[in-house]
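The values are calculated or read from the model by the stated rules, or taken from the named source; none is laboratory data. Treat the numbers as computed from the prediction; the structure is a model and nothing was measured. Methodologically, a virtual Cβ is constructed for each residue, glycine included, from the backbone with ideal geometry; neighbour enumeration extends over all protein chains shown. What goes into the accessible areas is simple: the full protein's heavy atoms, side chains included, and nothing from ligands, DNA or RNA. Shrake-Rupley method; radii C 1.70, N 1.55, O 1.52, S 1.80 Å.
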Amino acid sequence: MGSRYLSTAQLQSWFIALDNFLLTQQSFWRERPFTTRSLAWESQAPELSAWLRSQSLAHAEHYQAHPTKLIGAPAPYTELALLSQQLTQLPASCSRTLSARPAYLSRDVPGRKWQQIASLAEAITPIDSTAQPHWLDWCAGKGHLARYLAWPDQTYSCLEYDPKLVAAGQQLTDKLGLPGQHQCQDVMQPEAVEFLSGTLPVALHACGDLHRQLIQGVIGQAVTQLAVVPCCYNRTATEQYRPLSKLAKASLLALSKTDLALPLQSTVTANRRETAQRDQSMAWRLAFDIYQRQVRDVDQYLSTPTLGREWWKQSFAEWCQNLAALKKIAVKPATDWLTLEQQGWQRLAQVRNLELVQGLFKRPLELWLLLDLALYLSESGYQVALSTFCSESLTPRNILLQAVLKK
């Protein structure tokens, strides 16, 4: 296998350390600066609060992807950053050498996704190098991952819910003359696990309940090997996280859907135009938040809906007044819209810098969730390895969980 196995004791020790860190420091990551104007931890660390609130938006964006690299911030920032780094160290996957894939195999695949697929394929090592596995692509889309892994003559199956993607995937497979089958199947249905027997299941960025269902199915079918890259932990049917392992079930850490979304706030794929649009959207929403608190005389965040493109073609004043009408809020006469918009941008700079503290806990929380899965597999008779299969610049969700059933 291409990564180092972790013993049950190692998994347990690592989980306990992360659990303690997240529990004892939860005041630093539970609240959202975007919706809460004054955070609980700011009274505990007033110097850090004042320092972060004085920094520019450019400063926050420089460190947003890697908040642990920020130096010079008042205590306890550096201490928290060091603990975060120590608790989230992961080995890189041991890459195997694969034959070059033809360029036409990557048609219709976005460049970044193709790189992710190639990196993941090199990191997955079948335990029996002499036998050809039957690959099973869980939540396959068009099956690009399975085709890459199986090239040129290994068999594979793809499970996908969307019939249009199933049809498009089968058409690509048939056109290439590959021995693959694309099945229209909702993997959340009980019968989906029957497809797992005798396969090597793989999943790249399987969201929430989808990767949980896969892992539970693998255990139930006593599948020999698994390789999965989880994603979107908040995409779950329940409002509270449901732990799987014994240690996680015993933990005092109760996670809501909002908490589960924290690791997903890392983004490295936005271009300048998308970043500018996102910043404008957030600055205007924060300005409206200032406005609605004053008009309603209620110091509480008021959620606003997702707005169509036409909304962002308006001036700020028009946008704000139309949103007020949508939320049935009175329009305050003689409002200085220019000053209000400037206040929104100032608030955005403060929010983004305060979020750097919260950012120190994104990776620890993600690993806590992954270790719950890993411990569950270990309790069920599997050897487990965790590693990074690519750089975070390619995808922040770059942790590969591999498991092999003990003989």
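Of the accessible area of segment 273-352, computed with a 1.4 Å probe over protein heavy atoms only, carbon and sulfur atoms account for 49 percent.
Apply the a/c threshold of 1.5 to the C-alpha gyration tensor of segment 1-130 and tell me whether it is rounded, prolate or oblate. Could you put the intermediate results ahead of the total?
Details: a/c = 3.22, a/b = 1.73, b/c = 1.87.
Oblate, because a/c is 1.5 or more while a/b does not exceed b/c.
For segment 227-305, what class follows from the C-alpha gyration tensor (a ≥ b ≥ c being the square roots of its eigenvalues): rounded when a/c is under 1.5, otherwise prolate if a/b is larger than b/c, else oblate?
Values: a/c = 3.75, a/b = 1.50, b/c = 2.50.
The shape class here is oblate.
Could you state the number of Å between the C-alpha centres of segment 91-105 and segment 284-352? Cα centroid to Cα centroid, the span is 49 Å. Here's the picture: charge each Lys and Arg Cβ at +1 and each Asp and Glu Cβ at -1 in the chain, and of 275, 395, 300 the one pushed furthest to the positive end of that dipole is 275. Once the Cα atoms are used to define both axes, helix 208-220 deviates from the longest principal axis of the chain by about 30 degrees. Residue farthest toward the positive end of the dipole of the chain, with Cβ of Lys/Arg at +1 and Asp/Glu at -1: which of 168, 345, 21? Of 168, 345, 21, it is 345.
How big is the accessible area of residue 406 in square angstrom, nearest 10, if you roll a 1.4 angstrom probe over the protein chains? Near enough 110 Å² of accessible area. Taking a straight Cα-Cα cut-off under 28 Å and skipping sequence neighbours fewer than 8 places away in the same chain, the lysines within cross-link reach of residue 142 are 113, 164, 175.
With a ≥ b ≥ c the root eigenvalues of the C-alpha gyration tensor of segment 133-207, is it rounded (a/c under 1.5), prolate (a/b larger than b/c) or oblate? Working shown, then result.
Values: a/c = 1.73, a/b = 1.24, b/c = 1.39.
Oblate is the answer for segment 133-207, as a/c is 1.5 or above yet b/c matches or exceeds a/b.
Would you mind giving the three semi-axes, in whole Å and largest first, of the ellipsoid equivalent to the chain according to its Cα gyration tensor? Show your work: numbers first, answer last.
On the way: eigenvalues 347, 139, 73 Å².
Ellipsoid semi-axes (Å, largest first): 42, 26, 19.
Accessible surface for residue 188 stands near 70 Å², nearest 10, in the context of the full protein assembly shown (1.4 Å probe). Enter the angle in degrees (range 0 to 90, nearest 10) between the Cα long axis of helix 272-296 and the first principal axis of the Cα atoms of the chain, meaning the one along which they spread out most. Orientation of helix 272-296: about 50 degrees from the principal axis.
What the phi angles of segment 154-162 give under the Karplus curve with 6.51, -1.76 and 1.60, with θ = phi - 60°, is a coupling list of 7, 7, 7, 10, 10, 9, 8, 7, 7 Hz, glycine and proline written as x.
Keeping every protein chain in place, order 211, 205 by accessible area at 1.4 Å, biggest value first, i.e. largest first. Could you put the intermediate results ahead of the total?
Numbers: 211 5, 205 40 Å².
From most accessible down to least: 205, 211.
Treating only the Cβ atoms of Lys and Arg (+1) and Asp and Glu (-1) as charged, compute the dipole magnitude of segment 273-352 about its Cα centre; round to the nearest 20 debye. Working shown, then result.
On the way: 12 positive and 9 negative charges, 38 e Å.
Here the size comes out at about 180 debye.
Using heavy atoms of the protein chains and a probe of 1.4 Å, the accessible area assigned to residue 176 is about 50 Å².
Explain nothing, just the number: dipole magnitude of segment 62-207 about its Cα centre with +1 on each Lys and Arg Cβ and -1 on each Asp and Glu Cβ, in debye rounded to the nearest 20.
Values: 10 positive and 12 negative charges, 125 e Å.
Dipole of segment 62-207, to the nearest 20 debye: 600 debye.
Counting only lysines at least 8 places from residue 257 when in the same chain, those with an alpha carbon closer than 19 Å to its own are 249, 362. Restricting attention to segment 88-195, which trypsin sites (Lys or Arg not before Pro) occupy a DSSP loop and are surrounded by at most 14 other Cβ atoms within 10 Å? Passing sites in segment 88-195 are 96, 107.
For the chain, what is the charge dipole size about the Cα centre, in debye to the nearest 20, if Lys and Arg each add +1 at the Cβ and Asp and Glu each add -1 at the Cβ?
The dipole of the chain has a size of about 400 debye.
Compute the helix-to-body angle for 362-379: its Cα long axis versus the longest principal axis of the chain, expressed 0 to 90° and rounded to tens. It is inclined by approximately 30 degrees. As a length-normalised measure over Cα pairs under 8 Å and 6 or more apart, the relative contact order of segment 255-352 settles at 40 percent.
Here segment 273-352 is treated as a sphere whose radius is the Kirkwood value from Cα pairs; by Stokes-Einstein at 4 °C and 1.567 mPa s it diffuses with a coefficient of 101 µm²/s.
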